[in-house]
Structures are given as structure tokens and as C-alpha cells.
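Accompanying notes for the structure given below.
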Amino acid sequence: MQAQIQALLAAAEGTEIGGTATESNLGSHMEMAKPAIFNGEAGRVGGFVIACRSYLRIKMKEGTVEEQIIWVLSYVQGGSADIWKENIMEELESGEVEYKSVEEFFISLKREFGGEEEESIKVAELRRLEQGGKTMEEFVQVFKRVARGSGYEGRPLVEEFKRGINGGIRRKLMEVENPLTSIE
């Protein structure tokens, strides 16, 4: 499934997976889900930015930076995000702030609603994560998603991975001659 998603994104951008230019017949005609409303809730900014980035890349790549930012802001509603949005809109209208790219805007959004809180949420989620009834492949994918942004790397990340897998598999991993050094 991941390969299919990459192929669709590559086709929409007019490149093959290897990076060679191709003709795209998808582009703005491709059906795509819009991001969920973002209300400033800690730990959700990363997923919101990814969803917006994907939508903009496929459906609005010809739009100006201002049009893209205003579109993203239309999905920022409720909670503490409303006040931030109003301030940003006023600053944009008055010319107090000008973003050179949508990525610059996303950095500002992440700085406001992510940062240290998001990392500690990711760490807590990583520590609660257990394989349970998931296949090893499913668990690895979930683990990688949760680990991204947790600040864990190298040995501590491997230890968290081993802690989360089912006991029988963990015991077998401990018995191998070459211990696990990466989750790749």
C-alpha cells in the first residue's frame, strides 16, 4: 500500500519513483481527502501539517503562497487555535508578517502548537505502545510512526522497540548472536 501511495504522489508530481520526469494525468483531478479540522490540540499538529502538505502538493500546487496559507488557515478552527489564527490573519492583512513559502508558515504553526509538548506526547505514546495482536509488520509501522518526533534514536529507540514487542519474540531476539541495533 505504501508503494501505491508513493506511486500516486510521484505521478501527481510528474516524476517516477526513481525521480525521472513523466506526464501526470492525475494532478488536480485526483480525489483526495481534506485534512481534519485542527483546534490546537497538542500532539496533532504534525498529522495536520502532513495532511495539508499532501493536499496542497496534489490539488493546489499552482496556488500562490498566500492562497495556500489562507486555505490551511480555513482548517484551523476552535480551541486555542482560533485566537492564533485571528492574530495571523490580522498580521497577514496588515503586512506585519509575510511568509516566503508555505513551509515557512508550517514551521510557525509547529512552533506554536508542537515543540516540546508534542515530543513528550510522542515519548509517552511510545512507552505505552505494545504489539498485542498486531503482526510484526504492523507493529513496526506503528512504532516508526510514533517514534518519529519522539527524540529517541539509536540504542534507546531499540530498547523501546524490544519492550513493546510480544514476550516470545523478545526472548528470541535476546538469544540471537548479533543483537538488534536498528529497527530498520
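Just so you know, all these numbers are worked out from the coordinates, no wet-lab data involved. Computed from a predicted structure; not experimentally measured. Every residue, glycine as well, gets a Cβ built from its backbone with ideal geometry; the counts of neighbours run over all protein chains shown.
Under the Karplus relation 6.51 cos²θ - 1.76 cosθ + 1.60, θ = phi - 60°, what is the ordered set of whole-Hz ³J(HN,Hα) values for the stretch 60-70, x standing for Gly and Pro?
These are the phi-based 3J(HN,Hα) values: 10, 5, 8, x, 6, 4, 4, 4, 5, 5, 5 Hz.
ALA42 versus GLU175, label points 7 Å from Cα toward the beta carbon: distance in nm?
4.3 nm
Full-extension gain between ARG145 and ASN166, please, as 0.36 nm times their residue separation minus the C-alpha to C-alpha distance.
So the chain would gain 5.7 nm between ARG145 and ASN166.
Using only the Cα atoms of the stretch 55-184, build the gyration tensor, take square roots of its eigenvalues as a ≥ b ≥ c, and label the shape rounded, prolate or oblate: rounded if a/c is under 1.5, else prolate if a/b is larger than b/c, else oblate.
prolate
Out of residues 5 or more away from PHE38 or on other chains, whose amide H comes under 5 Å of its own, with H placed 1.01 Å from N in the peptide plane?
So PHE38 has HN proximity to VAL76, GLN77.
Taking 0.36 nm per residue of separation and subtracting the Cα-Cα distance, what length does fully extending ALA33 through SER108 add?
Gain in length upon complete extension: 24.6 nm.
Quick one: 3J(HN,Hα) in Hz for the stretch 31-44, Karplus 6.51/-1.76/1.60 with θ = phi - 60°, rounded, Gly and Pro as x.
So the Karplus estimates, Gly and Pro as x, are 6, 8, 6, 8, x, 6, 4, 9, 10, x, 4, 4, x, 9 Hz.
With Rg and the Kirkwood Rh both taken from Cα atoms, where does Rg over Rh land for the stretch 32-113?
Radius of gyration over Kirkwood radius for the stretch 32-113 works out to 0.93.
From the cross-link list LYS34/LYS110; LYS59/LYS144; LYS100/LYS144; LYS61/LYS122; LYS100/LYS122, which pairs have alpha carbons spaced over 26 Å apart?
Beyond 26 Å between Cα atoms: LYS59/LYS144; LYS100/LYS144; LYS61/LYS122; LYS100/LYS122.
Testing the spin-label approximation: label points 7 Å from Cα along Cα→Cβ at GLN77 and GLU138. State their distance in nm.
The two pseudo-label positions are separated by 3.3 nm.
Suppose the chain between SER94 and THR64 were pulled fully straight at 0.36 nm per residue; how much longer would it get relative to their current alpha carbon spacing?
Taking 0.36 nm per residue and subtracting the Cα distance, the gain is 9.0 nm.
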